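Accompanying notes for the structure given below.
None of the figures in this text is laboratory data; all of them are computed from the coordinates on show. Everything quoted here is computed from the prediction, not taken from an experiment. Note that each Cβ is placed from the backbone with ideal geometry, even for glycine, and that neighbours are counted across all protein chains shown.
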């Protein structure tokens with residue numbers, strides 16, 4: 001079977017302030033299957049967020065390509081990429097970016113409403129997802145009335161609202177205390193299989209990475225199995 005997500009020969013370079021070329025990704029390959037949770041670790045500045053932006057169709061590579069469900073990003077124009085992001089990709093960032101004047105329920109329902117979904121169906125889906133992340137009793141609370149961990153769990157529910165094929169997370173527990181971080185890590189551990197989505201998380205947190213099916217390290221622009229997490233291998 002073809003992988004849900006396939007990155008082939010990804011290269012990304014930037015022009016430095018002195019006119020030199022900075023090569024961040026050097027022909028990187030990655031495959032992720034439906035129901036698989038992959039964690040990517042690496043030092044600060046190694047290109048982890050750059051990789052996530054390419055996988056999420058937020059930026060284009062200098063060379064190489066990404067395909068999601070067999071659709072090559074290279075074949076899509078800006079509108080096509082925007083449509084792909086809206087329909088098939090969910091994002092969770094270090095900062096939750098919730099809309100402060102809307103309740104948890106309204107925040108989770110928002111992507112479906114923007115996509116033209118019926119309000120009743122959007123709110124039903126939002127209620128279900130808030131139940132899944134353990135916030136059934138907090139649906140009508142505004143973000144300011146929620147703890148940091150609760151806000152981030154709302155962000156996870158929102159990312160799942162459109163039933164994405166791919167869920168991407170960039171340091172999702174980076175701003176949480178240990179107790180809230182562990183609760184979020186436990187949630188991530190079951191997301192891929194429960195929602196039958198491919199999950200890629202960039203993290204420095206060893207506790208979160210240890211819950212993944214595979215742990216990869218980004219170093220010198222390529223991915224390799226991370227040491228200390230077992231016998232994970234890079235597919236392909």
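Couple of notes before you dig in:
- Pair-distance distribution P(r) for the range 97-187, from all Cα-Cα distances in 10 Å bins starting at 0: 18, 52, 27, 3 percent.
- Share of pairwise Cα-Cα distances greater than 23 Å in the range 46-143 is 40 percent (whole percent).
- A helix-only calculation puts the chain at -10000 deg cm²/dmol for mean residue ellipticity at 222 nm, using -39500 (n - 2.57) for each DSSP H run of at least four residues, averaged over all residues.
- Protection proxy ranking of 48-61, 15-28, 184-197 - average other beta-carbon atoms within 10 Å, highest first: 48-61, 184-197, 15-28
- Per the Debye calculation on the range 148-236 with a single equal scatterer at every Cα and no solvent contribution, log₁₀ I(q)/I(0) for q = 0.12, 0.20, 0.21, 0.26 Å⁻¹ amounts to -0.38, -1.01, -1.09, -1.43.
- With Cα atoms as the point set, the range 5-225 shows a radius of gyration and Dmax of 17.4, 55 Å.
- Per-residue extension of 0.36 nm, minus the Cα-Cα distance of residue 44 and residue 118, leaves a gain of 22.4 nm for this segment.
- Where labels lie 7 Å past Cα in the beta-carbon direction, separation of residue 178 and residue 86 in nm: 4.4 nm
- When the chain is treated as a GNM with alpha-carbon contacts under 10 Å, the residue of 170, 79, 131 showing the greatest mean-square fluctuation is 79.
- Highest-fluctuation residue, 222, 199, 40 considered, GNM on the chain with Cα pairs under 10 Å: 222
- Amide N of the range 51-78 lying under 15 Å from the label point, which is placed 7 angstrom from the Cα of residue 23 along Cα→Cβ: 62-64
- Degrees between helix 78-88 axis and first principal axis of the chain (Cα, 0 to 90, nearest 10): 60 degrees
- 0 to 90° range, to nearest 10: angle between helix 148-159 axis and the chain longest Cα axis: 80 degrees
- The Cα atoms of the range 1-52 define a convex hull whose projected area, averaged across directions, is 4.3 nm².
- Using alpha-carbon coordinates, inclination of helix 104-114 to the longest axis of the chain, degrees: 60 degrees
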